[in-house]
1. Using all Cα-Cα distances in segment 6-156, what percent lands in each 10 angstrom bin from 0 up to the longest?
2. Could you tell me the calculated FRET efficiency between residue 116 and residue 171, based on Cβ-Cβ distance and R0 = 22 angstrom, to the nearest 0.05?
3. Largest first, please: the extent of the C-alpha atoms of segment 161-250 along each principal axis, to the nearest Å.
4. What angle, in degrees between 0 and 90 and rounded to the nearest 10, separates the Cα long axis of helix 272-281 from the longest principal axis of the Cα atoms of the chain?
5. Nearest 10 degrees, 0 to 90: what angle lies between the long axis of helix 191-203 and the longest principal axis of the chain (Cα atoms)?
6. Post the alpha-carbon centroid distance, segment 1-20 to segment 114-175, in whole angstrom.
7. Please give every one of the aspartates and glutamates within straight-line cross-link reach of residue 40, meaning a C-alpha to C-alpha distance under 18 Å, and leave out same-chain neighbours fewer than 8 residues apart.
8. To the nearest 10 degrees, how steep is helix 63-78 against the longest Cα principal axis of the chain, on a 0 to 90 scale?
Amino acid sequence: MFDNVPVHLTDYLRKASADFDRESFYYFAAAYVSLFYLKKNFTDAKTSDFLNVRTTVRGGIWWGHSGRVIIIGETLFLMRSAPGFAEFCRRLSGRDLRSTYFEIYAARMFFEGGYEVGARPEVGMRGEDFDFCASLGDETVNVEVTALTPEHFSPQNVENALHHKRKQLPDSDPAVIFCILPESWADTPMGVALGELTKRFFGGTGRVSAVVYVIEKHIEWEKGGEVGHLSMQHLCLRNPNSRRPITSLSFFNNEAWEVAPTDPPTQRRNNEFFEWADSLFGGKG
């Protein structure tokens, strides 16, 4: 039923499921999938500051940490047979986790849009070291992801990043830049400024077919970090001057890709990861 899933991974989690309620098991399963493929323990606070492993006032795990771990483990499971899987694992294992977290988010968006996703190690040549490619039918889209870090919104920083990343993309196929905006910018009105700077950027290049802005947002529902809402909000802007327009980016729909953690997190469950986890859990809970 679930192709290309290592027997050891399945057997271990099936046995371990007896120690968890259903909601906690999703988190544990995602963490163990990550440990299995990446050899990194995302439940250990020393692994990465980005995951922000901390306890709440009631002694539980902060929902934002659990949500990120589930996204990583879920994405690894869903993309385990993708041509670029080994390369994404290499990056997640050895690079800065924040940047690779958003890389696999972008790759997953194309994967869920029906694309076959591939990636390769860097070769040290301008125009050849983009993050991944996505193919659907006769079309191949090259994708570059940039995760900005300044604390405060700066249109110039965004525009500079777009121009820098444009140079990483070859001029042979449609191309997309994912621009990850810091969460500290979330309460700043950015719509008009982003629209204007993107229009200027598109006016100077036909190489980039679209820019996708992404921002991760955490909203606390309960003081102390026990309950909250995690969403990935994105805006896809297409280049009217593109030399190679993309056939369709309808899978973006300019809507939020959301997870809504309760205690512990829950999220969208209409995919193979949750079906697999439920099959291991054996109908408890």
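Computed from the coordinates by the stated procedures, all read-outs in this text should not be read as laboratory data. In this text the structure is predicted, and so the values were computed from the model without any measurement. Glycine gets a Cβ as well: all are built from the backbone with ideal geometry, and neighbour counts include every protein chain shown.
1. In whole percents, the pair-distance histogram is 10, 35, 33, 17, 4, 0.
2. The value I calculate is 0.50.
3. 50, 24, 22
4. On a 0 to 90 degree scale, this one is about 10.
5. Helix 191-203 and the main axis of the chain meet at about 50 degrees.
6. If you average the Cα positions of each part, the centres end up 35 Å apart.
7. Reachable aspartates and glutamates: 49, 74, 87, 96, 103.
8. In the chain, helix 63-78 runs at an angle near 80 degrees to the longest axis.
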